[in-house]
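For reference, the structure is listed below as structure tokens.
The values are calculated or read from the model by the stated rules, or taken from the named source; none is laboratory data. Given the structure is predicted, the values throughout are model-derived calculations rather than measurements. Positions of Cβ are backbone-derived with ideal geometry, glycine not excepted, and every protein chain shown enters the neighbour counts. Each accessible area value is taken on the protein alone, full model and side chains, heavy atoms only, with ligands, DNA and RNA left out. Shrake-Rupley method; radii C 1.70, N 1.55, O 1.52, S 1.80 Å.
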Amino acid sequence: MTVGVTVRECVRKRGVKYCVMGWVVLTVTVVVVVVVTLLDSTTGGTELHADVTCLGANQVQVDREECEGVGCVWDPQGDAPNCFFPPASSHGYEVTTPEETTSAGVKSLRLTLKNTSAPVVKDMKEELLVEMMEYGQDMFRIKVTVPGEERYEVPVSLDLPPVTSSNTPNFDTSIGGLTYANQFLQVSTHLASSYLYGLGEGVHTTLKHDLRYVTWPMFARDQSPLGPGENLYGSHPMYLVVEDDGNAHAVLWLNSNAMEAETMPLPGLTLRSIGGVIDLYFFMGSSPTEALQQYTQVVGRPVLPPYWALGFHLCRYGYGSLDNLKAADVQYADIDYMDRRMDFTYDNVSYAGLPEYIREMSEEEYPVHHRALQKDVYIKWPQELVPEENHGGGDIMLGYVWPDNRTAFPDFLRSSTKEWWKEEIIRLYDTLEFDGLWLDMNEPANFGTNENKPWNWPHDRPHWSLTWRGETTTTLRCPQPVWMVPDPTHTGEVTGKRGIVVSRSTFPSSGRWAGHWLGDNLARWPDLHTSIIGMIEFNMFGIPYVGADICGFFADTTEELCQRWMQLGAFYPYSRNHNTEGTNEHDPGLWPSVASSSRAALQVRYTLLPYLYTLHYLAHTQGLTVVRALFFEFPDDKATLDVDDQFLWGSWLMIAPVLKAREINRGVYFPAGAWYDYYTGEAVNQLVDEGVTLVVEAPRTHVPVSEPLGLVVAPDREGNATGTLYWDDGEELNPIGSGRYFTADVTYSNEIITWQVTRGSEVAEGLLLSEVRVFRVEGRPTQLLVDGQRWTTGDWHYHRDTQIQCSIPPLVDYGFEFVDGKVEETQKGFKTLLRKAGSSFYGGELERLTFEVFLYSDDTLRVKFYQEGAARHEVPVELNLPTTGAKNPLYEVVLPHNPKAGDPFFFYVVRKGTGTIL
């Protein structure tokens, strides 16, 4: 791996602004357990130039005079850029002091700028300090700073292991390229292969990056994902490389200034920033999964969402009233529920049915703002830049966003702001008892900077906009590294339960608190594909609770597009249908065909919610991805490295949605192994030893889902299967910390399914295994054994065509439910009323029953189902039943805990001494 660093700064020539890069040379050979070589220094003198572009030559037209005028090398290469940095032999830094090691195990070197370096960038730093820190065998860090100079560093708390000194790092400064100026830094690296992933947030049309000098900007910005090349809501300067032998490593540059990444055909990569320090973290894997586990160990494991948050969400901007909100069968609204778009308020006219607000709101008074003034939470102008007319704002920076008046911006780097934010969340909850927070517009953003007026400025007021030094800017408020850190512990402190925070703007470490949606997309077919890529990337970034606006946010959707998107969106971890005002309804219930196929896809999702919840538990505790690209499970299969239109849930479930209009089949790549169709149980690739692409049917009522999965039991080629189950109460704030959770490992071997409880808990009380499907059973079984005893009740059957052995209908599909949930004590025990629920398999089932338990003695009990008031034959045999009653029974009859009307009915009898279910 080659680490080189360059710097770029902006200059004006002939009235045009150019950004130029200076190429300095630092060659670093790092020896850890995995030997990482950063280019041999002896080759530098024979190079015509470095392969890093100069003056932004891959993005703007640069002539020879301009190129050579700043000390760069003019070398036209057809379609490639034509201006490059000088070679390492003449441009860069050199080591001036021997390597030193501190008592903490940190190695350091002092570097001095070569006097032959080209004047590409002004004010390059004359001296640098390079520090090397090793953290065990699979992680190390290189940090480059300016001695004696204070520079901004990201205030994110990282969970770093102790520094070790198991290997000695060696630095070779005669190759590479390190440029370090006041407002531009650059690092270039040779890549171990051409399989480069990550670097967000942006619209990537392929998961694997194009290495033909493509530039990707990274700086949090209010920009819809309308096409490639734009920097979007979050910044994730992290990438993953899958090496040619299947090993993988990840690299993070911890920097929150404006950045960009430029690929090179070498293969290589250049990272640039306009400020901060060079602080590189290397995670050596060796597999893609292990590299990301090491990454999330440092930036923070992902948050565990509550169980309810894995359901389907329906929302839109523009419901307009509480009645429409109710009609949508959802309690989830965009900013139109607010009073004049102001945070921590609600519209008590259009939404008059919401709880009455604590304080009276008027045009002149906004108590949230007054409390913010008292806490001194806002971003302020430097004293020398305060506008002469600031409309009563003093030195507070005023802009314009959604409220119908000027806007002030909280500075979330201040402790007072965080306190104020928490207090306002508490006040809001006192009015509206929410379960989660949705953080939008937190890039931050401002509308109409330096324009005559913002696009949504009130038409009856004199024109105004935020002006910044009279120069053209984007919607960004100011070029400072500020972002809002979401912290759902506030919601937990308020509600007493685990909630969700869904944030539009994110940064490395955001996943420990929040999920993310992929922004204001369009109702168009290409956005289905890019949503899969974004979903995989954010799982790599440590934010697995992610999804896109199903059916599109902007523009009108169509029946077919919404149908296919609902089928895909049913497998987003964060599954939400959401669109803006002024467009047609995207509710899937508006079209019978969409409603039907959505119901089928969501039925699969809801059936597999325990599996999805378990995947989030594994992400939370081990740093595994929930959604992953195929190469995470099959890194040795080269064909998987380019697959980005199908994906995996965990290790076992593959989803291959249709992403183009008017298609009813598609090609699906199946890596080597045993794959089964989820719906039929049929093997789809006949257990082949090599990967194969098959065309599978995908009618508009169906989304291809294939799996080797837990229970469903889908055996591998050897006839074995494994799985894991995690369960808790779904909403406790910290079930892992309290220990109130249940885990079990499930194995299938020799036609035996074995549950091994790895952590027992009362939260699993009442859980029943109501359906088991076993694929690839070669012949019809003669009997079914449960806990060694022959299964003689219930329903089980064998399908020769699909080779499904067992199918015990779940309680929601067949059985009885509680009429009112009341359990009435009787003279000899208790009873409760039941009614028919679900399907009718046999015809003539009774609609109502009484379930009664008779506790005759400590060792004898009776259970009876009967129809009160109706005569049915009972065996006329006189029994000699005990009459002592149960004082210290050997058994316990268990019903569902605190049953309610409509809850599925079941019971079981437990031997108290051993806990055996009889």
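Starting from the residue with the highest accessible area, list E201, E682 in decreasing order, probe 1.4 Å.
Details: E201 10, E682 90 Å².
The ordering from most to least exposed comes out as E682, E201.
Taking the average, over residues, of other Cβ atoms within 10 Å as the packing measure, peptides 310-316, 601-607, 843-849 rank 310-316, 601-607, 843-849 from highest down.
Please tell me the relative contact order of the range 519-671 in percent, rounded to the nearest whole number, where contacts are Cα pairs under 8 Å and at least six residues apart.
Working: 234 pairs, mean separation 35.7, N = 153.
Reported relative contact order: 23 percent.
Heavy-atom accessible area with a 1.4 Å probe sorts D138, D123, largest first, into D123, D138.
Between the range 616-666 and the range 204-261, the alpha-carbon centres lie 20 Å apart. Modelling each spin label as a point 7 Å along the Cα-to-Cβ direction, I'd like the E127/R911 distance in nm, to one decimal. So the two model labels end up 8.1 nm from each other.
When the accessible area of the range 208-292 is computed with all protein chains present and a 1.4 Å probe, what percentage of it is carbon and sulfur? Roughly 49 percent, rounded to a whole number. On the basis of the beta-carbon distance and an R0 of 30 Å, D376 and K453 show a calculated FRET efficiency of 0.55.
Over the range 534-633, with every protein chain in place, what whole percent of the accessible area is carbon and sulfur at 1.4 Å, could you tell me?
Carbon and sulfur together cover 54 percent of it.
Comparing G227, V251, G285 along the charge dipole axis of the range 199-310, the residue lying farthest to the positive side is G227, per the Cβ-charge model. Magnitude of the charge dipole for the range 184-279, about its Cα centre and with charges confined to Cβ atoms of Lys, Arg (+1) and Asp, Glu (-1), is about 140 debye. With all protein chains in place and a 1.4 Å probe, the accessible surface of the range 95-134 carries 49 percent carbon and sulfur. Based on C-alpha pairs under 8 angstrom that are at least 6 apart in sequence, the range 541-617 has a relative contact order of 32 percent. For Y908, the solvent-accessible surface computed with a 1.4 Å probe is close to 40 Å², ligands and nucleic acids excluded.
Rolled with a 1.4 Å probe across the full set of protein chains, the surface gives L879 an accessible area near 120 Å².
At 1.4 Å probe size, put D404, D728 in order of accessible surface, largest to smallest.
Sorted by accessible area, descending: D404, D728.
Taking every C-alpha pair closer than 8 Å and separated by at least 6 residues, the mean separation divided by the residue count of the range 864-912 gives a relative contact order of 32 percent. The residues of the range 501-558 have, on average, 17 Å² of accessible surface per residue, using a 1.4 Å probe with all protein chains present.
Neighbours of D159, meaning other residues whose beta-carbon lies under 11 angstrom from its beta-carbon, give a summed charge of +2 when Lys and Arg score +1 and Asp and Glu score -1.
Here K380 is the anchor, and the lysines within straight C-alpha reach of less than 27 Å, apart from those fewer than 8 places off in the same chain, are K418, K422, K453.
Accessible area of Y400 (1.4 Å probe, protein heavy atoms only, ligands and nucleic acids ignored): about 0 Å².
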